1. Residues of the range 331-364 being over 30 Å from K248 (Cα atoms), among the polar types (S, T, N, Q) and open to solvent by 50 Å² or more (accessible area, probe 1.4 Å), which ones?
2. Check the range 235-244 and report whether any residue there is modelled with pLDDT of 95 or more, within 30 Å of I143 (Cα to Cα) and of a type outside the set (S, T, N, Q).
3. Looking at G328 and the list (1) open to solvent by 20 Å² or more (accessible area, probe 1.4 Å); (2) touching an Asp or Glu at 6+ places or on another chain (Cβ under 9 Å); (3) free of Cβ contacts under 8 Å to residues at least 60 places away in the same chain; (4) not in a loop (DSSP other than H, G, I, E, B), which single condition is not satisfied?
4. Go through T306, T312 for me and flag whichever is touching a helix residue (DSSP H, G or I) at 6+ places or on another chain (Cβ under 7 Å) and open to solvent by 40 Å² or more (accessible area, probe 1.4 Å).
5. I need the helices (runs of 4 or more DSSP H) fully contained in the range 197-297, keeping only those with at least 2 residues that are more than 30 Å from E109 (Cα to Cα) and open to solvent by 40 Å² or more (accessible area, probe 1.4 Å).
6. Looking at (1) free of Cβ contacts under 8 Å to residues at least 40 places away in the same chain; (2) touching a Pro at 6+ places or on another chain (Cβ under 8 Å); (3) not in a loop (DSSP other than H, G, I, E, B), which is the only condition M129 fails?
7. Where residues in the range 337-356 are part of a loop (DSSP other than H, G, I, E, B) and either in contact with a Lys or Arg (Cβ under 8 Å, 6 or more places away or on another chain) or polar (S, T, N, Q) (or both), which of them is farthest from E109 (Cα to Cα)?
8. Name the helices (runs of 4 or more DSSP H) wholly inside the range 1-120 in which the number of residues that are in contact with a strand residue (DSSP E or B) (Cβ under 7 Å, 6 or more places away or on another chain) and either open to solvent by less than 10 Å² (accessible area, probe 1.4 Å) or on the phi < 0 side of the Ramachandran plot (or both) is 2 or more.
Amino acid sequence: MKVSWVSFAPMQAEIKDQVLNKFEEMYNDSNYIQGKEYKKFNEKFAEYCGTKYCIGVGNGLDALMLILKAYGIGEGDEVIVPSNTFIATALAATYVGATPVFVEPILEEYNINPSLIEEKITSKTKAIMAVHLYGQCCDMDPILKLAKKYNLKVIEDAAQAHGATYKGKKAGSLGDAAGFSMYPGKNLGALGDGGAVTTNDKELAIKVAALSCYGSDYKYHHIYKGNNSRLDEIQCGFLNIKLDYLDKWNANRNEIAKKYLSGIHNPKIKLPVVHKDNYHIWHIFAVRCDERDALEKYLNEKGIGTNKHYPTPMHLQGAYADLNIPKGALPLAEEISSTELSIPMYYGMTEEEIQYVIKALNEF
């Protein structure tokens, strides 16, 4: 039996006619940049996240970078980021000239450990990037409390958390601003690259909108040295359709996760832990195993797809060799990198596929 690590087929089949009809409508409309679908998406996604504003941008990295840029964070500043995340989080700080400062995670939850942040705060610190990794929100209350104490901005990296909640509030509405990715594999994914910024800060929203469009507040009038990072009109049309299905698709992922959590009993397999205040949307179902490479080979031989998030931590990547952080300095990030394995998780998995994965893991 074969079980892909991810499949878009069930989701795509469900909305195929709507997507094709929407494409024909947009094609005939001939308005491909910041048209009515773009405006509609900004309104719909802001309402969905529980924020006043949403600005569609080119991708998730740009979303984070534009937030930092709009807040005036740059050369000589420091930004707290988790040691265990995709490199885009740190790159956003680098792109504006700031230095990423890594803080270790809570091992079982994978997210940044709030109790370790304060010791990394200096006079140069300007923001905390709270990454809601794998679809689970960070423990935000202590992070927000620290930010208030030190007058820091809290920026959510919600690239993997569309629809996730913390104490009943949706990701994207928990900090000063949030960056989302709409990369195709996300729970709310475009059919290409895409991203968005959500916020309740009107001044920030206006500035991000300008910065994302050549620094222009209206055509040929440039008030900032901006970027070209606009969410494509056609992608907005597709996302407007998919947003109506997102809660249903997330609920299905939750049902799959419950079966994994209750059905996998192999002591060699360390299962993820869901924080009591969270609704996890399971963008990724990550397990850990001290024999990760052997487990991966075993599952792949059984036709079960896997992935690793992320096999080399950021501080040991060549991109950040200039930070001179030695191996062993961030042991939890290194442990996750060497033991984490992502198993199949996608909308529309069959019961047979789910049970096949569970059986295989229990027999390892």
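1. Matches in the range 331-364: S338 only.
2. Taking every residue of the range 235-244 in turn, at least one turns out to be modelled with pLDDT of 95 or more, within 30 Å of I143 (Cα to Cα) and of a type outside the set (S, T, N, Q).
3. (4)
4. The unique qualifying residue is T312.
5. Answer list for the range 197-297: 202-211.
6. It is condition (1) that M129 fails.
7. T350
8. Per the criteria, 36-49, 60-70, 88-95.
The values are calculated or read from the model by the stated rules, or taken from the named source; none is laboratory data. Remember, it's a predicted structure, so these values are computed and weren't measured experimentally. A quick note on method: Cβ atoms are made from the backbone with ideal geometry, for glycine too, and the neighbour counts reach across all protein chains shown. With ligands, DNA and RNA removed, areas are computed over all heavy atoms of the protein, side chains included. Shrake-Rupley method; radii C 1.70, N 1.55, O 1.52, S 1.80 Å.
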